[in-house]
Amino acid sequence: MSSSSLPTAADVVIIGGGFAGVATAWALARRGVTDVVLLEREAALGKHASGRGAGLGRQLVDTDATTALTVRGAALLRGPLADAWCETGSVLGFADTAEADAYAARAARFGVPVERMDRVADGELGRRWPGLAGAAPAAALHVPTDGVIDVVRLLAQLEAAIDARVFTDAAVLGLEGGRAAGEPHLVRTARGTISARVVVEATGAWAGQLLGAPPLTVVKRHLFVVEDSAGTTAGPWLWQLGAQELYVRRHADGTLSSACDATPAAPGDYAVESGAEAAFRARLATAQPDLARAALVRAWACVRTFTRDRQMKLARDSSRPWLVWAIGLGGHGATASPAIGEAVAAAVVDALEG
Ligand SMILES: Cc1cc2nc3c(=O)[nH]c(=O)nc-3n(C[C@H](O)[C@H](O)[C@H](O)COP(=O)(O)OP(=O)(O)OC[C@H]3O[C@@H](n4cnc5c(N)ncnc54)[C@H](O)[C@@H]3O)c2cc1C
């Protein structure tokens, strides 16, 4: 939905039209909160991290707190948002068997079915899924209920289901007023000023520029689509964890892969760095030699944003009761997005009532 003239007031103003902002609007609509305005600086939603991810729907991640969000997110992706989800399964590869044990224990805690693979060193992955031939981590877990997310379709699906009035080309320039209890906050944008009872900060890598967010780390990552020269068939995607981290998944145009680079960066819009493709091919040379030689279809770069403790911040500000954070989504914001929306919407309702 899109409107041309900015209203002068709304119960809730959401700043940022990536997964954090759009999923919050979606979850607010499901709770019956409809006087919502979403403001996005770009000409369309999802132009930054949310539209440029790898689309890996990974439920088991490095902490229980984030796993709670990704598991709930995947459940919603299989349910009301299923048009954007394809259940391919995944294989998580580990350099260290103790880490595989920790992930298996996490899977048990969250009720995620996994199959421990015992003969990976002996080529078990390639025998079962020819596309993963070459990968021989020390240990592996097959997660049959993981999947692939069509991120563009997911954003469109979330947007179609929201009641919020969405304004693009609407950069927020600053916030004013609202010092006294109950006084509305004035959100100043390039297209006019709007007063809001509650403001949601969902500006991704730019969080903090308006409201002084907690310290964030922004890191750049490259993704590559190469021709599927190995003639691989459908099957689970692979995420090899540890020092030689990489991931590989089938893609409409070939095979999508990343060497999981994470170079510190400022918030921004990035082109592919010179040298990134060579580094990517070098990383794949041992684990995926066919892919390491395959012709490039396309490549892109984008940034991921983490809080200092790497936990997403989806909560009311401790000293500004009118402000709700939806920041630090890191590398799992697509999978977790519907659950992120639910958590932030709960905090918004709390702020509206409090
Ligand atoms: C290369 C890469 C691969 C990834 N792969 C996966 C994956 O496989 N699986 C997965 O689950 N997740 C993945 N992710 C993570 C996921 O994409 C992010 O966690 C998520 O998209 C972050 O969403 P966001 O809304 O916080 O940020 P963004 O998508 O960046 O949205 C923030 C929005 O705020 C807007 N904005 C900023 N300042 C203002 C302002 N002043 N006024 C108005 N608007 C403003 C920006 O224009 C932007 O559109 C990946 C990310 C990257 C970069």
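The values are calculated or read from the model by the stated rules, or taken from the named source; none is laboratory data. Predicted model only: the values in this text are computed from it and were never measured. For neighbour counting, all protein chains shown are included, and Cβ atoms are generated from backbone atoms with ideal geometry for every residue, glycine included.
Within the range 248-273, the set of residues being assigned to a strand (DSSP E or B) and hydrophobic (A, V, I, L, M, F, W, C) comprises VAL248, LEU256. Candidates THR203, THR263, THR286, THR233: the one that is hydroxyl-bearing (Ser, Thr, Tyr), at pLDDT 95 or above and surrounded by fewer than 16 Cβ atoms within 10 Å (Cβ to Cβ) is THR263. Each residue in the range 309-332 was checked for being aliphatic (A, V, I, L, M) and touching a Lys or Arg at 6+ places or on another chain (Cβ under 9 Å), and 5 of them qualify.
Table: residues versus (1) modelled with pLDDT under 95; (2) buried (at least 20 other Cβ atoms within 10 Å of the Cβ); (3) on the phi > 0 side of the Ramachandran plot.
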| position | (1), (2), (3) |
| --- | --- |
| ALA68 | no, no, no |
| LEU77 | no, yes, no |
| LEU81 | no, yes, no |
| THR97 | yes, no, no |
| ARG109 | no, no, no |
| GLY131 | yes, yes, no |
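All conditions in (1) modelled with pLDDT of 95 or more; (2) within 15 Å of the ligand (Cβ to nearest atom); (3) outside any strand (DSSP E or B) hold for GLN209, with the sole exception of (1).
Considering only residues in the range 3-22 that are more than 9 Å from the ligand (Cβ to nearest atom) and not in a loop (DSSP other than H, G, I, E, B), the one that is nearest to GLY204 (Cα to Cα) turns out to be ILE14. Scanning the range 308-354 for residues being β-branched (Val, Ile, Thr) and within 10 Å of the ligand (Cβ to nearest atom) gives a total of 3. Being more than 27 Å from ARG221 (Cα to Cα) and within 15 Å of the ligand (Cβ to nearest atom) is the requirement here; does ALA25 meet it? So ALA25 passes the test.
If the condition is being aliphatic (A, V, I, L, M) and either surrounded by fewer than 21 Cβ atoms within 10 Å (Cβ to Cβ) or out of contact with any Asp or Glu (no Cβ under 8 Å at 6 or more places or on another chain) (or both), then the range 43-59 contributes ALA43, ALA44, ALA49, ALA54. The number of residues in the range 235-275 being touching a residue at least 60 places away in the same chain (Cβ under 8 Å), hydrophobic (A, V, I, L, M, F, W, C) and within 21 Å of GLY57 (Cβ to Cβ) comes to 6. Condition check: at pLDDT 85 or above and away from the ligand (no atom under 11 Å from the Cβ). Does GLU159 satisfy that? So GLU159 passes the test.
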